[in-house]
Amino acid sequence: MSHAEPHAIEFEHGHTHHVTSMRLLNTILVILLIFTGLTVAVSRVHLGESLNLWVAVAIAVFKASLVCAVFMHLLHDKAISSLVLFFCVLTIGFFFLFTLIDMDSRHMVDPVRAAPIAAPTIVEEARAEAIAAGELDPAAHTDESHDEHGDAGEH
Amino acid sequence: MTTIPTTGPGAGVQASAEPWERYTHQPHWRNREDEFEGAKLGMWLFLSTELLLFSGFFCAYFVLRHFYPDAFRGASTHFLDWRIGAINTAILLISSWNVAVAVRAAQLGQKMILAGNIFFASLCGVAFLVLKLALEYFPKIQKGEVPGAFFSYAGGHGYDPSPYDPIFLSVYWVSTATHGFHVLVGVLLLWWVGWRALKGHFGPKHYTAVENVGLYWHLVDLIWIFLFPLLYLVP
């Protein structure tokens with residue numbers, strides 16, 4: 001892969017297709033592998049629950065952008081492909097946004113619903129503890145009980 | 001290599017030409033370019049529905065992690081080995097590079113580089129699945145580290161499972177198994193493309209299947225790029 005690197009080929013008369021250079025493909029692979037190492041390293045550093053999550057997501061978004069731009073040729077593709085991806089991501093954004101609004105406003109509707117839904121637990125100790133502490137009716141079925149003492153946390 | 005057509009479909013092509021040189025577009029398309037771009041647009045639309053499918057799992061992940069941060073931290077650290085996840089990430093990234101090189105080789109008419117990279121990428125996919133099944137899924141099923149109500153992990157090894165651990169495992173199993181199924185489909189598609197490449201179906205004037213299966217394989221890689229840190233690296 002040394003001399004005479006074509007940047008485009010004639011696919012059909014009047015239509016050329018971009019050819020990605022080997023150097024760029026290699027560079028992208030190296031960056032992706034380095035950032036995989038980085039995301040592991042960052043997870044070892046305690047930055048706080050939400051900051052760690054956002055850093056991990058940011059690195060993943062960066063890596064995904066490189067894959068889309070170079071490996072999936074969006075950089076040199078017709079705009080329509082990027083547009084499809086853009087509206088897809090926008091839709092996912094609305095999906096996440098409305099879920100977030102729901103989670104942050106449940107307590108305004110019903111205090112009970114603001115707490116996490118109690119998981120039907122297989123771990124018997126947790127159930128026995130709750131019964132011993134008088135927080136749980138032994139007769140009540142796990143599925144219907146509103147265990148508000150789960151390890152819920154607001155961050 | 002025989003004469004390459006310069007005008008019109010199949011013009012000036014000798015009988016001994018590779019199949020890709022003889023390729024003519026389907027009659028309902030104006031030309032090969034429109035056919036290629038149309039197929040690629042269809043692929044991108046399909047890929048966007050795939051992203052929407054996985055966005056449901058990611059949404060569940062964020063909601064449940066928000067509600068049960070301690071369980072997610074404990075379960076991720078105890079049940080998952082980040083080293084397996086990291087190796088699998090590297091495997092998929094390298095295979096993505098192979099597929100990108102394969103598309104380039106198809107554009108340049110390098111048949112053996114095309115087929116070689118496609119088959120190597122499919123081997124990476126098989127390695128991913130073998131690691132996943134042998135080191136994660138089968139031991140997990142044996143130890144009862146399975147989703148929701150099927151959870152029967154007895155604890156031990158200095159770890160006391162939280163009652164919410166099965167929730168983390170539900171997210172883990174559903175998202176990674178759906179992703180794993182996509183890897184399996186991708187491997188089968190790569191074999192199909194590799195086999196056709198060996199028969200000389202793809203070259204500078206026709207490589208639609210290489211391009212689109214490549215896009216699919218990159219998407220599988222893309223989703224794993226998000227799954228790996230979210231599932232294996234909860235600090």
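The values are calculated or read from the model by the stated rules, or taken from the named source; none is laboratory data. As the structure is a prediction and not an experimental result, all values here were calculated from the model. Don't worry about glycine lacking a Cβ; one is built from the backbone with ideal geometry, like all the others, and counts go over all protein chains shown. Remember, those area values only see protein heavy atoms, side chains included, never the ligands or the DNA or RNA. Shrake-Rupley method; radii C 1.70, N 1.55, O 1.52, S 1.80 Å.
Yes or no: B:Ser96 polar (S, T, N, Q) and surrounded by 15 or more Cβ atoms within 10 Å (Cβ to Cβ)?
Details: polar (S, T, N, Q): yes; surrounded by 15 or more Cβ atoms within 10 Å (Cβ to Cβ): yes.
Against the criterion (polar (S, T, N, Q) and surrounded by 15 or more Cβ atoms within 10 Å (Cβ to Cβ)), B:Ser96 qualifies.
Kindly establish whether B:Ala106 is more than 24 Å from B:Gly180 (Cα to Cα) and within 23 Å of the chain's Cα centre (by Cα). When the stated conditions are applied, B:Ala106 passes them.
Residue count for the stretch B:30-61, restricted to those that are surrounded by 17 or more Cβ atoms within 10 Å (Cβ to Cβ) and under 30 Å from B:Ser152 (Cα atoms): 5.
Here B:Ser170 does not qualify as at pLDDT 95 or above and either in contact with a helix residue (DSSP H, G or I) (Cβ under 8 Å, 6 or more places away or on another chain) or over 24 Å from A:Asn52 (Cα atoms) (or both). More than 14 Å from chain A (Cβ to nearest Cβ), crowded, with 16+ Cβ neighbours inside 10 Å and part of a helix (DSSP H, G or I): is that true of B:Gly214 in this structure? Here the answer is no, as B:Gly214 does not meet what is asked. The set of residues in the stretch A:40-71 being polar (S, T, N, Q) and at pLDDT 95 or above consists of A:Ser65 alone. The C-beta contact set for the stretch B:34-48 (first residue in contact (Cβ under 8 Å) with a residue 24 or more places away in the chain, second residue small (Gly, Ala, Ser) and crowded, with 16+ Cβ neighbours inside 10 Å, distance under 7 angstrom, 6+ apart or interchain) comprises B:Lys40/A:Ser81; B:Trp44/A:Ser81.
Filter the stretch A:7-22 down to the residues that are more than 7 Å from chain B (Cβ to nearest Cβ) and in contact (Cβ under 8 Å) with a residue 12 or more places away in the chain, then identify the one that is surrounded by the fewest Cβ atoms within 10 Å (Cβ to Cβ). It would help to see each step written out before you state the result.
Going residue by residue through the stretch A:7-22, those that are more than 7 Å from chain B (Cβ to nearest Cβ) are A:7-8, A:10, A:14, A:16, A:18, A:21-22.
Filter again for in contact (Cβ under 8 Å) with a residue 12 or more places away in the chain, leaving A:7, A:18, A:21-22.
Values: A:His7: 10, A:His18: 14, A:Ser21: 14, A:Met22: 14.
Per the stated criteria, the residue is A:His7.
Counting the residues of the stretch B:67-90 that are of a type in the set (Phe, Trp, Tyr) and either more than 10 Å from chain A (Cβ to nearest Cβ) or open to solvent by less than 10 Å² (accessible area, probe 1.4 Å) (or both) gives 3.
Looking at B:Ile94, B:Ile118, just one residue is in contact (Cβ under 8 Å) with a residue 24 or more places away in the chain and touching a Cys at 6+ places or on another chain (Cβ under 9 Å), and that residue is B:Ile94.
Each row is one residue, and each column tells you yes or no for (1) open to solvent by 20 Å² or more (accessible area, probe 1.4 Å); (2) over 25 Å from B:Leu222 (Cβ atoms).
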{"site": "B:Gly125", "(1), (2)": "no, no"}
{"site": "B:Gly144", "(1), (2)": "no, yes"}
{"site": "B:Pro147", "(1), (2)": "yes, no"}
{"site": "B:Pro161", "(1), (2)": "no, yes"}
{"site": "B:Thr178", "(1), (2)": "yes, no"}
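The residue of the stretch A:51-74 that is farthest from the chain's Cα centre (by Cα), among those that are more than 8 Å from every other protein chain (Cβ to nearest Cβ) and of a type in the set (Val, Ile, Thr), is A:Val55.
The set of residues from the stretch A:76-88 being surrounded by 14 or more Cβ atoms within 10 Å (Cβ to Cβ) and among the β-branched types (Val, Ile, Thr) comprises just one member, A:Val84.
When you scan the stretch B:193-204, do you find a residue that is within 12 Å of chain A (Cβ to nearest Cβ) and in contact (Cβ under 8 Å) with a residue 24 or more places away in the chain, even just one? Show your work before the answer.
Taking the stretch B:193-204 and keeping what is within 12 Å of chain A (Cβ to nearest Cβ), we get B:203-204.
Within this subset, residues satisfying the condition of being in contact (Cβ under 8 Å) with a residue 24 or more places away in the chain are B:203-204.
Looking through the stretch B:193-204, at least one residue is within 12 Å of chain A (Cβ to nearest Cβ) and in contact (Cβ under 8 Å) with a residue 24 or more places away in the chain.
Among the residues of the stretch A:34-43, are any within 9 Å of chain B (Cβ to nearest Cβ), without any contact (Cβ under 8 Å) to a residue 60 or more places away in the chain and open to solvent by 60 Å² or more (accessible area, probe 1.4 Å)? The answer is no; no qualifying residue exists.
From the list B:Leu189, B:Leu169, B:Leu230, which residue is free of Cβ contacts under 8 Å to residues at least 60 places away in the same chain and either open to solvent by less than 20 Å² (accessible area, probe 1.4 Å) or assigned to a helix (DSSP H, G or I) (or both)? Please lay out each step first, then the result.
Numbers: B:Leu169 fails: free of Cβ contacts under 8 Å to residues at least 60 places away in the same chain; B:Leu230 fails: free of Cβ contacts under 8 Å to residues at least 60 places away in the same chain.
The match here is B:Leu189.
Being free of Cβ contacts under 8 Å to residues at least 12 places away in the same chain and outside any helix (DSSP H, G or I) is the requirement here; does A:Leu29 meet it? Judged against the criteria, A:Leu29 is not a match.
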